[in-house]
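Every number here is computed from the coordinates shown, using simple stated rules; none is lab data. Because the structure is a prediction, the values reported are computed rather than measured. Positions of Cβ are backbone-derived with ideal geometry, glycine not excepted, and every protein chain shown enters the neighbour counts.
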Amino acid sequence: MSHGLRASASRAAPDPTHLMSSRAQKGLPALLPVLALLSQYKLRLVGASIALLFTAGATLSLGRGLQVLIDQGFGGESSAGLKSAILLLIAIAAAMAVGTFVRFYLVSWLGERISADIRKRVFENIVRLHPGFFETNRSGEIMSRLTTDTTLLQTIIGSSFSMALRSSLTTSGALVLMFITNLKLSLIIAVGVPLVLLPILVFGRRVRKLSNQSQDSIASVGSYVGEVIQHIRVVQSYTREQFESEAFDREVERAFEIARRRIWQRSLLICGAILLLFVGMSGMLWEGGQDVINGSMTGGELGAFVFYAIMVGSGVATISEVWGDLQRAAGASERLVELINTHSLIDDPVTVTSTPISAQPELHMERVSFYYPSRPKQPALENVTLRIEAGKSLALVGPSGAGKSTVFELLQRFYDPQQGQVLLDGQDIRTMGLKTLREHIALVPQQPALFTGDVRYNIAYGKLDATDKEVVAAARAAHAHTFITALPEGYASHLGEQGVRLSGGQRQRIALARAILNDPKILLLDEATSALDTESEYQVQLALQELMKNRTTVIIAHRLSTILHADNIAVLDEGQLIATGTHEQLLVECELYARLASLQFREPDSNAENSANPSSEHYLHAHK
């Protein structure tokens, strides 16, 4: 965790290189790709639309019911007339209730369904993106988009969007009925409507901008928390709890300040709309009251007109309030559509070669040069040519940053070299399907990756259809069966997040069992024993010897004592291939390898001369 990540100022603006270089749509049009998903559920969409129209019509008919109640019920001086008017109102209310039930259920269902569909599409694309994408995009931000943004869209589609449509329909219908009821009073209201729309247009844009900032700040907070929790032992061992709490307080306060400004703008929008609207209605009531007094209109007509005017006012107020939600949803939609539309730089070729791979394939890197996207001016590998013979082992050695891990990245085609090619049995791996290539390769990393699940799930991760017998056989081959059976639930024992309930050696043997079960033709070993104690290292080395038999193997070596048995050794430095050969040859021919050997094999009581000038015979004798 770096201090730069902790500084609030460093996160004031999102990285412009995140996700996509440009956004196709901004503002409310950004919602169109999301709303297009509704076309998959035409029947429910039609049902919701009919229910919406029905409810809007029933709501508008309340004005007529109110007019009948006043003129014929109250003014008719007849109990029968009053009874008929009240029954009419009850019938209208019942129709509204049924229509609202159907509309609410169907619209809420659509909101949940679309939210689930978007989550699936986003995740389906994320797991196929090239690793370089995750160098420039924080995992916490991606998770926020996958959860917070989709939840916001669900709320908008299932509630706010429906409210906006309903209010638009009732407002339009109420305006028409107002003009039919009384033209003069309607003109007074019509003058006020543009004045109400003005603050919506002015403040709506500000709300959308602040909404985007608010969502980004929430993603930043989520990313921060995830990082601290992941490294909680480091935080506590260095007694940085107070430091992290204060840094988190700053992040939360920054998010709150952005949210406060957004709420302030929305409050001003709603306040202005309501104030202007009811000023216009007050003028209308004065004129209408004068007409009732003069006898030019009935009380029922004025009551109906006031009802329609209130509907117009509440409809406009609802739209002004929902407008802010729609702007927030537009921002969320932009971010989600970006994730869905982000294309992986590593993909299957248009035409996939179908040449079968031999049981012991040969690997060949020919004049390969590669630059990581995040470091385009610094070569990770430069004009490297390597041949890993079929069924043989090649060890990669060199100082940190020499390019050893990059070789692994290119062999698995997580990246493509800018120059040169990587060949598998003579085929350029760029012409092979990714699944075909990677199903022949198994990686045993220095830090094994275990998933939240039980032992069996983690071992069978590369072969989900494996039988229990095959899983146990793989565990036995990895020297893991004994400790697994000692766990409370054996192979059904849950390992916790990242396998925290196991020791380092146990986690490593679970990862080895996974590789053994996958039965790969090519094995990539990233110094799988460098972080283990002597007993665990011994157990893992026994499993590795079994796993490497008759397989093409590439080993990243941090400790030279572990690769003395390798068929060939390649020495890398600053992205360049310095030398290749056996341990004995390199001690004599490669100065860098001899220096690394002298540092690692030197015994405490060796004299300075022996340490400075290692001989081949000395090291071979000491480490046979």
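Couple of notes before you dig in:
- Residue exposure sequence - Trp286, Trp323, Trp109 - by fewest surrounding Cβ within 10 Å: Trp286, Trp109, Trp323
- Computed 3J(HN,Hα) for the range 478-494, one whole-Hz value per residue from the Karplus formula 6.51 cos²θ - 1.76 cosθ + 1.60 where θ = phi - 60°, is 8, 6, 10, 4, 4, 6, 5, 5, 7, 5, x, 10, x, 6, 8, 6, 7, glycine and proline marked x.
- Local net charge near Ala466, Cβ-Cβ under 12 Å (Lys/Arg +1, Asp/Glu -1): 0
- Extension gain from Asp468 to Thr353, taking 0.36 nm per residue of separation minus the Cα-Cα distance: 38.0 nm
- Gain in span if fully extended, Lys42 to Lys435, counting 0.36 nm per residue against the direct Cα distance: 137.9 nm
- Centre separation in Å (Cα based) which lies between the range 426-463 and the range 557-573: 23 Å
- Local electrostatic count at Ala579 - Lys and Arg +1, Asp and Glu -1, tallied over other residues with Cβ under 12 Å: -3
- Normalised contact order of the range 444-519, rounded percent, pairs of Cα under 8 Å and 6 or more residues apart: 51 percent
- Part-to-part distance (alpha-carbon centres) for the range 339-396 and the range 232-256, which is given in Å: 41 Å
- Solvent-free Debye scattering, log10 I(q)/I(0), computed from the Cα coordinates of the range 365-511 at q = 0.16, 0.18, 0.19, 0.20 Å⁻¹: -0.96, -1.06, -1.11, -1.15
- From most to least packed by mean Cβ count within 10 Å, the peptides 127-134, 519-526, 415-422 give 519-526, 415-422, 127-134.
- Derived scalar couplings ³J(HN,Hα) [the range 48-55; Karplus, 6.51 cos²θ - 1.76 cosθ + 1.60; whole Hz; x for Gly, Pro]: 5, 5, 5, 4, 5, 5, 4, 5
- Estimated FRET transfer efficiency (Gln427, Leu345; beta-carbon r; R0 25 Å; 0.05): 0.75
- Site pair Leu268 and Phe414 shows an inter-label distance of 4.9 nm when each label is modelled 7 Å from Cα along Cα→Cβ.
- Going from the residue with the fewest nearby Cβ atoms within 10 Å to the one with the most, Arg260, Arg456 rank Arg260, Arg456.
- Gyration tensor (alpha-carbon) shape descriptor, the range 444-519, a/c threshold 1.5: rounded
- Phe123-Ser282 FRET efficiency (beta carbon distance; Förster radius 60 Å; 0.05 resolution): 0.65
- The distance between label points at Ala93 and Arg559 comes to 8.2 nm (points 7 Å beyond Cα on the Cα→Cβ vector).
- Rough spin-label spacing in nm, given labels placed 7 Å along Cα→Cβ, for Glu382 and Arg476: 5.2 nm
- Stretchable slack from Thr239 to Glu591, in nm (0.36 nm times residue separation minus alpha-carbon distance): 122.4 nm
- Residues whose placed amide H lies under 5 Å from that of Leu381, excluding near-sequence neighbours: Phe370
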